[in-house]
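Nothing in this text is a laboratory measurement; each read-out follows from the coordinates by a stated rule. Predicted model only: the values in this text are computed from it and were never measured. When we count neighbours, we look across all protein chains shown, and the Cβ atoms used for this are built from the backbone with ideal geometry, even at glycine.
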Amino acid sequence: MATPKQPDPRSAYVDLYWIPLGAGGRFVRRNGRVFEALVALKERRPRKDLYHSALEVVVPEGRFTVEQTPVPRRDDARGVVAGGAVGARWAGRFRIFRYEVRCWRDGHIPDVVEAVDSPRRLTTDAATAQRLLQLTAKVPTPTWGRDELAAGEMWNSNSIISWLLATAGVDADHIELPRGGRAPGWHAGLAVARRREAHVLVT
């Protein structure tokens, strides 16, 4: 793997990547298609391509990748800052039913070569980029695939990314997906972020 290019110490930005769900893995891709077919049938609309989101954040201190992923077998350094259960809380005792949130310095995003209409430069404001990195350790970590936070849809990797962006001050409501695409969980993150903002304003 090529050595990542070091960022200009004067630069700062947040880039968003849209990665097709299941890129690099038939199992996830097949299950995603079944899921989307059922949802499209229920909502009486055409099927759409499903996307998983990830971020690359550059600040004067360095370059970071931010993403939610399954917990791998290996135990190497990968910038894990938070984690939660997949499917059911009780199942979280097993590695295969856990997810992790990464804020990985000089890290890489798996399957980034398959990203569509990416990267999307969301901001070049250093303070916003720094704030987003600081928030990664505070992101909500309810059970993946469920709506424990009553946000209106399941919580997943897209929820984490949209929550981080909105809470850091990026206008995540108007971010466009690739044509014909959908990002399940995105609006859950926005809903929880708005709830947090309202609570801060009240208190």
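Some values worked out for this structure:
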{"item": "Ranked 143, 69, 124, criterion: other C-beta atoms within 10 Å, fewest first", "result": "124, 69, 143"}
{"item": "Inter-probe distance in nm under a simple model that places probes 7 Å from Cα toward Cβ, at residue 196 and residue 150", "result": "1.9 nm"}
{"item": "Extension gain, residue 127 back to residue 73 (0.36 nm per residue minus Cα-Cα distance, nm)", "result": "15.9 nm"}
{"item": "Residue 134 paired with residue 89, simple spin-label distance in nm, labels 7 Å along Cα-to-beta-carbon", "result": "3.0 nm"}
{"item": "Debye log10 I(q)/I(0) for region 46-203, one point scatterer per Cα, at q = 0.12, 0.14, 0.17, 0.18 Å⁻¹", "result": "-0.51, -0.71, -1.07, -1.20"}
{"item": "Order of 160, 19 - criterion: other Cβ atoms within 10 Å of each residue's Cβ, fewest first", "result": "19, 160"}
{"item": "Distance (nanometres) between label positions extended 7 Å along Cα→Cβ at residue 15 and residue 47", "result": "3.1 nm"}
{"item": "Residue order, fewest to most beta carbons within 10 Å, for 138, 48", "result": "138, 48"}
